[in-house]
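**Q** Got a structure for you, written out below as structure tokens; questions coming shortly.
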Amino acid sequence: MRITDTSDLWWKTAVVYCLDVETFMDWNDDGCGDFEGLAQRLDYLAELGVTCLWLMPFYPTADRDDGYDITDFYGVDPRLGTHGDFVEVVRTANDRGMRVIVDLVVNHTSNRHPWFRSAEASVDSPYRDFYVWRSDPPPDTSSEVVFPDKENSIWQFSEKTGEWYLHRFYRQQPDLNVTDPKVRDEIAKAMGFWLELGLSGFRMDAVPFLLETQGTDKAEAARLPDPHEFLRELRGFVGRRTGSGVLLGEVNLPHPQQAEFFGGENGNELTMLFDFIGMQSLYLSLARADAGPLAKALTDRPAVSPDSQWATFVRNHDELTLDKLSDAEREEVFAAFGPDPRMQVYGRGLRRRLPPMLDGDPRRIRMVYSLLFSLPGTPVLFYGEEIGMGEDLDLEGRMAVRTPMQWTDGPNGGFSRAPKRRLRRPVVSGGYGPEHVNVAAQRSDPESLLSFMKLLIRRYRECPELGWGQFEVLPQPHAEVLAHLCRWEDGTLVAVHNLGAEPRTVPLTLEGCDSTHRLADLLQDGTTPLSDAGRADLQLEGYGYRWLRVVADGSRRLL
Ligand code: GLC
């Protein structure tokens, strides 16, 4: 391995930033964000240090699921702009050193997609088999729905032909039948189209549901090729078309199944998987001020190929799901971070952003982001996290965290010049409103969260051991402290985080080190000598955090 390998496997040390064009920046004053507005903000994102944008769905949509119900896989929602505007954004982002990936939502279409309209109209439609149908009344599937507040079955009766169709999500999102080779071809063709416009890959929505063969006759399902073969085909396809494009998959499953979606040690399926288990354990650790659950989740991660990578995150656009915790653990997190039922959703998650959950305590917020960027993997930010935006619990369900980006303390937080009533979604008000939380103010303040995020991103990018290295939890006596190390080639980073409110002295002994090594702080000034036995005592404040590079005498690495 050489440092230059980090450019081939660019995604192993990327900083991914997720945004929705419609809530990011409105340039034509109609109250809805657009591609022109995003183009205006690319320099901001580049300055932040982002290296890969993830665009949430921007396709024509019936808008039942905020764009995740698509009516045309080849289109651009006219409210957001045109294909021309899209290409301008991709090209300009590339020029600023940022790649672009987009949501690929092919588990289902909208029920208003022409394929489904045709399929629903007649059993003889050429598109009938694009979807999954059954003619006998379905059993009770109320425990299998993803949105239990709105659905109680994964089968919806269709009057037109007297049959039921499969839908994992809302009934307006009929599931595509990927066992049909024609559907597979259509998916690849749509991917090929967007790749040709300069993308570097996709964030793949709902992958386990996409691969499942529910609804297919059992004997038939057994004759079909392994559904994972389809993922291997898509990975191969993206590789052939782009050379280095990625598939970043949404697979919220236990570790052994996640390993399968990577393609096991062959690493020939999804390039990256979100670390849902790590994320959920992080919140349990924060709630308990005990690093144990997080340390366990990290050490339990299955070994993956060097061509695979974990994508780490603190928050995304959906509910903060806690579905992989036990009932008692979930209750602990609810009690700590969202005790009011209004803050919870689907019985499994929270619809809040991080800062309000931590009572706005700047020490804790910074500690969590320092931890995120120090974890082995590729960090993914959700827009607004860099300035500490809050949520709006008056909005429905998951929309609470999808409010407009806050650029200034001016009207509509600088998101749009349209009258307030025409905004796509209201801007947050109150303590987290734009008067208190906005980009403009934080840009000129070296002590702001935004400035701190920039520092974290710069350090992350300077430490490829975080994306590539071997990970170890370091033994030390305090339950509330996580001390860990990432080692790659001659680079070793030690990170210590205090999840508790009390200061701690953390004794560490670093194997293979002695007094010819020292620890150099990367987030503040300072150097700590190591003893002959490789030992140091590190001071941490309450909610304190430190990143320390192990420097050998004579090392040529820049500090
Ligand atoms: C994924 C998306 C979510 C969407 C669902 C259906 O889970 O993250 O926002 O509602 O898929 O497409």
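The values are calculated or read from the model by the stated rules, or taken from the named source; none is laboratory data. As the structure is a computational prediction, the values presented were derived from the model and not from experiment. Cβ atoms come from the backbone with ideal geometry, glycine included; neighbour counts cover every protein chain shown. For the accessible areas, the whole protein counts, side chains as well, though only heavy atoms, and no ligand, DNA or RNA atoms are used. Shrake-Rupley method; radii C 1.70, N 1.55, O 1.52, S 1.80 Å.
**Q** For the chain, what is the calculated [θ] at 222 nm in deg cm²/dmol (nearest 500), taking -39500 (n - 2.57) for each run of four or more DSSP H residues and dividing by its residue count? Write down the numbers at each step before the final one.
**A** Values: 19 runs with 166 residues, N = 559.
Helices in the chain give a 222 nm mean residue ellipticity of -8500 deg cm²/dmol.
**Q** Working from Cα positions, state the angle (0 to 90°, nearest 10) between the long axis of helix 449-462 and the longest principal axis of the chain.
**A** 80 degrees
**Q** Consider just the alpha-carbon atoms of the range 94-241 and return their Rg together with their Dmax, both in angstrom.
**A** Here Rg and the maximum Cα pair distance are 16.5, 56 Å.
**Q** Taking the simple approach of a point 7 Å from Cα along Cα-to-Cβ for both ASP537 and LYS420, what is their distance in nm?
**A** Each label point is offset 7 Å from its Cα along the Cβ direction, giving 5.7 nm.
**Q** Can you work out the Karplus-derived ³J(HN,Hα) for every residue in the range 417-432? Use 6.51 cos²θ - 1.76 cosθ + 1.60 with θ = phi - 60°, whole Hz, and x for glycine or proline.
**A** Rounded to whole hertz, the list is 9, 6, x, 3, 5, 8, 5, 3, 8, x, 7, 4, 10, x, x, 9.
**Q** Across the chain, how many lysine pairs, 8 or more positions apart or on different chains, have C-alpha atoms separated by under 25 Å? Please give the number.
**A** On the way: LYS12/LYS296; LYS12/LYS454; LYS150/LYS160; LYS150/LYS324; LYS160/LYS182; LYS182/LYS218; LYS296/LYS324.
Going through the chain pair by pair, I get 7.
**Q** With θ taken as phi - 60° and the coefficients 6.51, -1.76 and 1.60, list the Karplus ³J(HN,Hα) couplings across the range 127-144 in order, rounded to whole Hz; mark glycine and proline as x.
**A** Calculated HN-Hα couplings, in order: 9, 3, 7, 5, 10, 10, 10, 9, 9, 8, x, x, x, 5, 10, 4, 7, 9 Hz.
**Q** Grab the Cα-Cα distance for GLU447 and ARG241, subtract it from 0.36 nm times how many residues apart they are, and report the gain in nm with one decimal.
**A** In short, 69.8 nm is gained.
**Q** Check SER158: other-chain or 5+ apart residues with amide H under 5 Å from its amide H, H built from backbone geometry?
**A** Close amide H contacts, sequence-distant or interchain: GLU163, TRP164, TYR165.
**Q** Enter the Cα centre distance for the pair the range 496-536 and the range 197-249, rounded to the nearest angstrom.
**A** With the range 496-536 and the range 197-249 each reduced to a Cα centre, they are spaced 45 Å.
**Q** Oh, and also: Taking a quarter of the surface of the convex hull around the Cα atoms of the range 180-238, what do you get in nm²?
**A** So the Cα hull casts an average projection of 4.3 nm².
**Q** Sticking with this structure for a sec: Run the Debye formula on the Cα coordinates of the range 450-559, all scatterers equal and no solvent, and tell me log10 I(q)/I(0) at q = 0.12, 0.18 1/Å.
**A** -0.39, -0.91
**Q** Could I ask something else about it? Provide the per residue accessible area, probe 1.4 Å, for the chain, rounded to a whole number of square angstrom.
**A** That works out to 39 Å² per residue.
**Q** Nearest-5 percent of antiparallel DSSP beta bridges in the chain? Can you show the working numbers first?
**A** Numbers: 44 of 70 bridges.
Approximately 65 percent, going by the DSSP bridge assignments.
**Q** Now for a different question. Ignoring ligands, DNA and RNA, what percent of the 1.4 Å accessible area of the chain is carbon and sulfur?
**A** 48 percent
**Q** At a Förster radius of 51 Å, what calculated FRET efficiency corresponds to the Cβ-Cβ distance of ALA440 and GLU489, to the nearest 0.05?
**A** 0.80
**Q** Mind jotting down the distance between the C-alpha centroids of the range 445-493 and the range 145-192, whole Å?
**A** One Cα centre to the other: 42 Å.
**Q** Once Rh for the chain is found with the Kirkwood sum over Cα pairs, what is the Stokes-Einstein diffusion coefficient at 25 °C and 0.890 mPa s, in µm²/s?
**A** 100 µm²/s
**Q** Using the Kirkwood radius built from alpha carbon pairs, what does the Stokes-Einstein equation give as D for the range 249-323 at 25 °C and 0.890 mPa s, in µm² per second?
**A** On the way: Rh = 12.7 Å.
Rounded, D is 193 µm²/s.
**Q** List the pair-distance distribution P(r) of the range 208-296, using every Cα-Cα distance, as the percent of pairs falling in each 10 Å bin from 0 up to the bin containing the longest distance, rounded to whole percents.
**A** In whole percents, the pair-distance histogram is 15, 35, 28, 16, 5, 0.
**Q** Now for a separate question. Would you mind checking the tilt of helix 181-196 against the longest principal axis of the Cα atoms of the chain, expressed as 0 to 90 degrees and rounded to 10?
**A** For helix 181-196, the angle is close to 50 degrees.
**Q** May I pose another question? If you wrap a convex hull around the C-alpha atoms of the range 374-491 and split its volume per residue, what is the figure in Å³?
**A** Hull volume over Cα atoms, normalised by residue count, gives 157 Å³.
**Q** Something else now. Please determine, in degrees from 0 to 90 and to the nearest 10, the orientation of helix 83-95 with respect to the longest principal axis defined by the Cα atoms of the chain, where the helix direction is its Cα long axis.
**A** Helix 83-95 sits at roughly 20 degrees to that axis.
**Q** Also, I was wondering about something else. How big is the convex hull of the Cα atoms of the range 303-354, per residue, in Å³?
**A** Per residue, the Cα convex hull of the range 303-354 comes to 103 Å³.
**Q** With each pseudo-label sitting 7 Å past Cα toward Cβ, what's the SER326-HIS255 distance in nm, one decimal?
**A** 1.7 nm
**Q** Fully extended, how many nm does the chain gain between MET1 and SER555 (0.36 nm per residue separation, minus their Cα-Cα distance)?
**A** Additional length available on full extension: 197.6 nm.
**Q** Please list the non-local residues whose amide H lies under 5 Å from the amide H of CYS18, H modeled 1.01 Å from N, same-chain partners needing a gap of 5 or more.
**A** Under 5 Å from the amide H of CYS18: TRP54, LEU381, PHE382, TYR383.
**Q** Largest first and in whole Å, what are the equivalent-ellipsoid semi-axes of the range 1-149 based on the Cα gyration tensor, each being the root of 5 times an eigenvalue?
**A** Rounded to whole Å, the semi-axes are 36, 21, 15.
**Q** Quick one: what are the phi-derived ³J(HN,Hα) couplings along the range 156-162, Karplus 6.51/-1.76/1.60 with θ = phi - 60°, whole Hz, x for glycine and proline?
**A** Calculated HN-Hα couplings, in order: 10, 6, 10, 4, 4, 10, x Hz.
**Q** Length gain on complete extension for the stretch GLU159 to ALA219, per 0.36 nm per residue less the alpha carbon to alpha carbon distance?
**A** Gain on stretching GLU159 to ALA219: 18.8 nm.
**Q** Report, by chain and number, residues whose modeled amide H sits under 5 Å from the one on GLY349, excluding near sequence neighbours (fewer than 5 apart, same chain).
**A** Counting only residues 5 or more places away or on other chains, the set is LEU322.
**Q** Mind computing the radius of gyration and Dmax over the alpha-carbon atoms of the range 429-497? Å is fine for both.
**A** When restricted to Cα atoms, the range 429-497 yields Rg and Dmax of 16.9, 49 Å.
**Q** Return a whole-number percent for the relative contact order of the chain, with Cα pairs under 8 Å and 6 or more residues apart as the contact set.
**A** Relative contact order comes out at 12 percent.
**Q** Additional query: What is the percent of Cα-Cα separations in the range 90-132 that go past 13 Å? Mind showing how you got there, number by number?
**A** Working: 565 of 903 pairs.
Roughly 63 percent, once rounded to a whole number.
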